[in-house]
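Quick note: the coordinates plus some simple rules give every number you see, no bench work behind them. Note that the structure is predicted; figures quoted are calculated from it, not measured. Glycine also receives a Cβ, built like all others from the backbone with ideal geometry; neighbour counts cover every protein chain displayed.
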Amino acid sequence: MSAQRRHPADKIPKARPVAKKLSATLGANPDAPIVETISSKLIVAANFLRRGATLRYRRLVGLPWVEYGIVAVLGRRKPVTVAGLAELLGMDKAQLSRALSNLVRRKLVERSANPQDSREVLVSLTEAGLATHETMVRAGFERNAYLLANLSAEEIAGLDRVLEELTRRAVEMLHAEQNHDTDAPPSE
């Protein structure tokens, strides 16, 4: 008697109905169902976007992806703490610290003591950093326009809403995993 092949989502009680419906809708490959999930497809799309952006920003401003991400987030905002910047970027503080050191050495970012708490360091863009940021903004808008060119305004608005919700849920999942929550939502 042969064992009936079960869908991997069957092991996750809360996900079972949604995963089965999604798999049926997407025509999931039973041999590799994980690659058919929305989260996997988002990761693949994000990787292609990041790789393209990395090549473009390295060519335009000479920055690797971690550093252009920092410059992009710092932008024209007021100085932020290193911990605050790590949260905004969703990055590990050690990785962020190394990249910040490179940007300080290149005179694109400056560090200063926090007047409210001398134990904290604030970071912001220098004038050269602001000029780099402006170049990146122009290039980013060009990339974004090309990416969305085949979508209607309604589709773009809907996509934006969906991405906001998916990002919120992804943050919940990350926090649950970081806290080793045994009732954590499933994550890939």
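Among residues other than TRP65 whose Cβ falls under 11 Å from its Cβ, what is the net charge (Lys/Arg +1, Asp/Glu -1)?
Values: positive: ARG50, ARG51, ARG56, ARG58; negative: GLU67.
For residues surrounding TRP65, the net value is +3.
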Task: Stretchable slack from ALA145 to LEU88, in nm (0.36 nm times residue separation minus alpha-carbon distance) - done: 18.1 nm
Task: THR167 versus PHE48: modelled label distance in nm, points set 7 Å from Cα along the beta carbon direction - done: 2.1 nm
TODO: Give a residue-ordered list of calculated ³J(HN,Hα) values for the range 158-172 (Karplus: 6.51 cos²θ - 1.76 cosθ + 1.60, θ = phi - 60°; whole Hz; x for Gly, Pro).
DONE: x, 4, 4, 4, 5, 5, 4, 5, 5, 5, 4, 5, 5, 5, 4
TODO: Just name one of PHE141, LEU85, GLN116: the one whose Cα is farthest towards the positive end of the charge dipole of the range 67-188 (beta-carbon charges, Lys/Arg +1, Asp/Glu -1).
DONE: GLN116
- [ ] Would you mind computing the Rg to Rh ratio of the range 69-188 from its alpha-carbon coordinates, Kirkwood style for Rh?
- [x] 1.05
TODO: Run the quick spin-label model on HIS180 and GLU155: label points 7 Å from Cα toward the beta carbon, then report their separation in nm to one decimal.
DONE: 4.6 nm
- [ ] Mind giving me the nanometre distance, one decimal, between the label points for ARG138 and ARG111, set 7 Å out from Cα along Cα→Cβ?
- [x] 3.2 nm
Task: 14 Å beta-carbon shell around ARG161, net charge (K/R +1, D/E -1) - done: -3
